[in-house]
Amino acid sequence: MTGPKEHPSDKYCPRFGHLAVEMGYVTPQQLKEALSEQVDDNLSGRQHRILGAIFFDRGWMTPGQIDEVLNRLFRSIKEEIS
C-alpha cells in the first residue's frame, strides 16, 4: 500500500496575504476583509489593487513590513526554482 497522494495545493507558492498573517502583521480577519475589498473592486470595475496596497491604505501595514513580506515571498520562490 502506498502513502497518500500529494495534493497539488500541498506544494504551492506562498501568497502575500498568508505570509502577512503568518508573520503577524495582519490578522486572518483583516486578510478576509482585504480579499473581500479586492473582489468588490474587481466586480465593480474599479482598478485591481494588490493586498499590500489595501493593507497600507487601511493602516494595517507599513511600507517596511510590506517589503519584509515581499522579500520572504521572493526568497521562497527562488528556493522553489533552485
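Each reported figure results from applying straightforward, stated rules to the coordinates on display, with no laboratory input. This is a predicted model, so every value here is computed, not measured. Cβ atoms come from the backbone with ideal geometry, glycine included; neighbour counts cover every protein chain shown.
For residue 70 and residue 48, a Förster radius of 30 Å and the Cβ-Cβ distance give a FRET efficiency of 0.95, rounded to the nearest 0.05. Its Cα centre serving as origin, the stretch 15-81 has a Cβ charge dipole (Lys and Arg +1, Asp and Glu -1) of approximately 60 debye. The orientation-averaged shadow of the Cα convex hull for the stretch 15-81, equal to a quarter of the hull surface, comes to 4.7 nm².
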